1. Residues of the stretch 168-189 being in a helix (DSSP H, G or I) and modelled with pLDDT under 80, which ones?
2. Of Leu108, Leu78, Leu95, which residue is touching a helix residue (DSSP H, G or I) at 6+ places or on another chain (Cβ under 6 Å) and either on the phi < 0 side of the Ramachandran plot or among the basic types (Lys, Arg) (or both)?
3. Does Ser150 qualify as being in contact with a Pro (Cβ under 7 Å, 6 or more places away or on another chain) and among the small types (Gly, Ala, Ser)?
4. Just the residues that are aliphatic (A, V, I, L, M), under 17 Å from Val11 (Cα atoms) and free of Cβ contacts under 8 Å to residues at least 40 places away in the same chain, please, taken from the stretch 59-94.
5. Could you please find all residues in the stretch 21-37 being surrounded by 14 or more Cβ atoms within 10 Å (Cβ to Cβ) and under 13 Å from Ser73 (Cα atoms)?
6. Among the residues of the stretch 84-112 satisfying the criterion of being modelled with pLDDT under 80 and more than 18 Å from the chain's Cα centre (by Cα), which is nearest to Leu174 (Cα to Cα)?
7. Assuming Tyr162 fulfils every condition listed in (1) among the aromatic types (Phe, Trp, Tyr); (2) under 20 Å from His10 (Cβ atoms); (3) touching a residue at least 12 places away in the same chain (Cβ under 8 Å) apart from one, which condition is it?
8. Starting from the stretch 1-22, keep only residues that are closer than 18 Å to Ala176 by Cα and among the acidic types (Asp, Glu), then list their pairs with residues that are surrounded by fewer than 14 Cβ atoms within 10 Å (Cβ to Cβ) and at pLDDT 70 or above whose Cβ atoms are within a distance under 6 Å, requiring at least 6 positions of separation or different chains.
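The values are calculated or read from the model by the stated rules, or taken from the named source; none is laboratory data. For clarity, every value in this text was computed on a predicted model and none was experimentally measured. Counting neighbours? That spans all protein chains shown, and the Cβs are built from the backbone with ideal geometry, glycine included.
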Amino acid sequence: MSGTRILCCHVTTATISFAVLYLIGNVLKMVGIILTVSLDKEAFSVPYHESKATRGQRVFDISTNILMLVLMSISAVLVLFSKRKGPMFVLPFVLMMFVELSLSFLCLFDGAWGLPGTPNYRDMLRVVKGQKRVDSLNEEEIGQFTMSYSVLYMMYILLKVYVLHVSTRCFYALKAESMAAVSVETGNTVTVKLPSYDEALKMRAEDTPPSYHEA
């Protein structure tokens, strides 16, 4: 991992900015989930769209979503102290970003793997139908929607990959700074073995050009 600057700023600053955005987003998602559950709305997004979810399924889905959001929020908070505490405070955020990226890939095959806020295909299709106030879309509209969804979702995945890449570079940059600070504190310096007096004279004699005499 080389380089410590990205987008005209230090990788640590960029990682902290991403962590703040993730923290705000996670808090808003948790507030939305709590409000939806407290109001007992059937519109709450669960991975059981075709049939009504049982109480146990809803409780499991809601609890896992909240647990994941709490863990992501804690890892984002730890990043805010990484400059003073060291690279280990960035590692949880890197791991959570890797988990989130993996779940986002799995969400392509089954929406049940998606985290809160993940743009699920069925949910987005339902939103489009609701906006158009129709029960179904024709083939042309389905094709356009699928293409648009695929492009936007790939951009969503690439954004997560980018955040993971930046946070990983931040971890290695802070680790290098920490190791350099330890070397300065312990007084470790680079030593060079100098030649002896006889070896220096011999080297000087060998470097002397031959003398010239007039004929």
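1. Pass one, the stretch 168-189, residues in a helix (DSSP H, G or I): 168-186.
If the condition is that a residue be in a helix (DSSP H, G or I) and modelled with pLDDT under 80, then Ser178, Ala180, Ala181, Val182, Ser183, Val184, Glu185, Thr186 are the ones that fit.
2. Details: Leu108 fails: touching a helix residue (DSSP H, G or I) at 6+ places or on another chain (Cβ under 6 Å); Leu95 fails: touching a helix residue (DSSP H, G or I) at 6+ places or on another chain (Cβ under 6 Å).
On inspection, the qualifying residue turns out to be Leu78.
3. Values: in contact with a Pro (Cβ under 7 Å, 6 or more places away or on another chain): no; among the small types (Gly, Ala, Ser): yes.
Taking the combined requirement at face value, the residue does not satisfy it.
4. Across the stretch 59-94, the qualifying residues are Leu78, Met88.
5. Passing the criteria: Tyr22, Leu23, Gly25, Asn26, Lys29, Met30.
6. Among those that are modelled with pLDDT under 80 and more than 18 Å from the chain's Cα centre (by Cα), it is Leu108.
7. (3)
8. Listed by first residue and then by second, the contacts come to nothing, as the list is empty.
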